[in-house]
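Undergrad: Handing you this structure, nothing more for now.
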Amino acid sequence: MQPGRRRQPGLGVMLLFYQIFGVIGYENIPPVTLATIGLQVAIFLRLFKLPWYKISHVCVSVYNVWTKKEYSRLIYAAFEHADDWHLYYNMLSFALKGRSLERKFGSIKFAYILAVFTVLTNAVLVFLNMLAIEHLDGYDQCAVGFSGVIFALKVLTTYYDSNFTHQVMGIPIIVPARYAVWVELLLIQLFVPNASFFGHLAGILVGMAYVKGPLKFVMDSIYSVVKAIIFPSASSPRFTPRAEPSGYASRREEFNEYVPPGMSEEEQLRQAMEESLREESRNRNVPPYPSASSPGSAPPPPGFIFGDTSNAPPPPGFSPDIDELRSRRAEHFSRFS
């Protein structure tokens, strides 16, 4: 392919579009997962200018990464695919896994997990290739694709999923969830011999380090620090308690002595009003108005209060004058000061 020339969408790309828009529904795919799929399709079709022209410019191998120190391949290799069928299977599997994991972690943290897994998976792949060359008489493979990251996400999916059994590769082989990823690793190698065994194995090891090892603790610690720096208001309380004004506690104690606690607000207002009226009646030598709480007495019917009604309580069903009640309370407390 000539540099910068666009690719024509093959049958694999068309089937991927059908799955995304016709079967799964793009509205059912979270934003980070959908954007990652769109980015990889755009890269495969060469819809914009890329820093590389051929697959050999970005594939991951011991020679290119360790010897030549081309560390950018640890990122670029994950977004390049050999053909449209490679892209189809990877993106369809990623859509199903990303849909559940992004809803669990949230879009921002899921994007962070994708970025870390992309670099770590290719770094572990280089390490495994080094071990194979030194101890297994292997050869230096040069791999591309998102498969390693997908296998790491599959480990997370089977770990957080409540189902105890899973189908492997969509075929009716039911295995326990914790063994599904290993069975799939072997089956892919049998049906697709050209697939990168160490690339898939690297993804499994990264996923296991996250759910069983220290990787989750390290990633969560870094994520918390960065989040606190970028969003400092999210880690601090939005509201701070106010200090009570001076003398508030003493006034509350006097009020509790005057009106017993444990009563509703309406009962407290009525009790305070009756106590205030009784106190004024005793000072003026006027018999107090009979309380509704006293046995054998009842207030007159509403609208039929005779005599001086300046100090009489309001008829039942009417709310007391709050300002007048406050002034009477103040007069009552001033007598004891």
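Undergrad: Among the residues of region 69-108, which ones are outside any helix (DSSP H, G or I), in contact with a Gly (Cβ under 8 Å, 6 or more places away or on another chain), of a type in the set (Asp, Glu) and open to solvent by 20 Å² or more (accessible area, probe 1.4 Å)? If you could, list the steps in order and put the result at the bottom.
TA: Going residue by residue through region 69-108, those that are outside any helix (DSSP H, G or I) are 69-72, 80-83, 106.
Those left that are additionally in contact with a Gly (Cβ under 8 Å, 6 or more places away or on another chain): 80-83.
Narrowing further to those that are of a type in the set (Asp, Glu): 80, 83.
Within region 69-108, ASP83 is the sole residue that qualifies.
Undergrad: Considering region 51-68 alone, what residues qualify as being assigned to a loop (DSSP other than H, G, I, E, B) and either without any contact (Cβ under 8 Å) to a residue 12 or more places away in the chain or of a type in the set (D, E, K, R) (or both)? It would help to see each step written out before you state the result.
TA: Within region 51-68, the first condition is being assigned to a loop (DSSP other than H, G, I, E, B), and the residues that meet it are 51-54, 58-59, 61, 68.
Once the filter is applied, which keeps residues that are assigned to a loop (DSSP other than H, G, I, E, B) and either without any contact (Cβ under 8 Å) to a residue 12 or more places away in the chain or of a type in the set (D, E, K, R) (or both), region 51-68 yields LYS54, LYS68.
Undergrad: Further question: State all residues of region 193-220 that are of a type in the set (Val, Ile, Thr) and either farther than 14 Å from VAL116 by Cα or buried (at least 17 other Cβ atoms within 10 Å of the Cβ) (or both); if no residue qualifies, say none. So that I can check it myself, show each step before the final result.
TA: Within region 193-220, the subset of a type in the set (Val, Ile, Thr) is 204, 206, 211, 218.
ILE204, VAL206, VAL211 - these are the residues of region 193-220 that are of a type in the set (Val, Ile, Thr) and either farther than 14 Å from VAL116 by Cα or buried (at least 17 other Cβ atoms within 10 Å of the Cβ) (or both).
Undergrad: Which fully enclosed helices (runs of 4 or more DSSP H) of region 157-250 have 3 or more residues being of a type in the set (D, E, K, R) and at pLDDT 80 or above? Write out each step before concluding.
TA: Numbers: elements: 177-191, 197-211, 215-230, 232-235.
Per the criteria, 215-230.
Undergrad: Check region 26-44 and report whether any residue there is over 28 Å from the mean Cα position of the chain (by Cα), part of a helix (DSSP H, G or I) and either at pLDDT below 90 or β-branched (Val, Ile, Thr) (or both).
TA: In the first step, residues of region 26-44 are kept if they are over 28 Å from the mean Cα position of the chain (by Cα); the result is 42-44.
Now narrow it down to the ones that are part of a helix (DSSP H, G or I): 42-44.
Among the residues that remain, those that are also either at pLDDT below 90 or β-branched (Val, Ile, Thr) (or both) are: 43.
Looking through region 26-44, at least one residue is over 28 Å from the mean Cα position of the chain (by Cα), part of a helix (DSSP H, G or I) and either at pLDDT below 90 or β-branched (Val, Ile, Thr) (or both).
Undergrad: Another question about this same structure. Just to be sure before I move on: is ALA77 in contact with a Cys (Cβ under 6 Å, 6 or more places away or on another chain) and within 29 Å of TYR18 (Cβ to Cβ) in the structure I sent? Please lay out each step first, then the result.
TA: On the way: in contact with a Cys (Cβ under 6 Å, 6 or more places away or on another chain): yes; within 29 Å of TYR18 (Cβ to Cβ): yes.
For ALA77, the condition - in contact with a Cys (Cβ under 6 Å, 6 or more places away or on another chain) and within 29 Å of TYR18 (Cβ to Cβ) - is met.
Undergrad: Moving on. If the requirement is being surrounded by 15 or more Cβ atoms within 10 Å (Cβ to Cβ), touching a Phe, Trp or Tyr at 6+ places or on another chain (Cβ under 6 Å), closer than 24 Å to GLU102 by Cβ and in contact (Cβ under 8 Å) with a residue 60 or more places away in the chain, which of these qualifies: ILE24, ILE20, ILE43?
TA: On the way: ILE24 fails: touching a Phe, Trp or Tyr at 6+ places or on another chain (Cβ under 6 Å); ILE43 fails: in contact (Cβ under 8 Å) with a residue 60 or more places away in the chain.
On inspection, the qualifying residue turns out to be ILE20.
The values are calculated or read from the model by the stated rules, or taken from the named source; none is laboratory data. Keep in mind that this is a model prediction, so the values were computed, not measured. As a convention, Cβ positions derive from the backbone with ideal geometry for all residues, glycine included, and neighbour counts pool all protein chains shown. These accessible areas exclude ligands, DNA and RNA; they are computed on the full protein's heavy atoms, side chains included. Shrake-Rupley method; radii C 1.70, N 1.55, O 1.52, S 1.80 Å.
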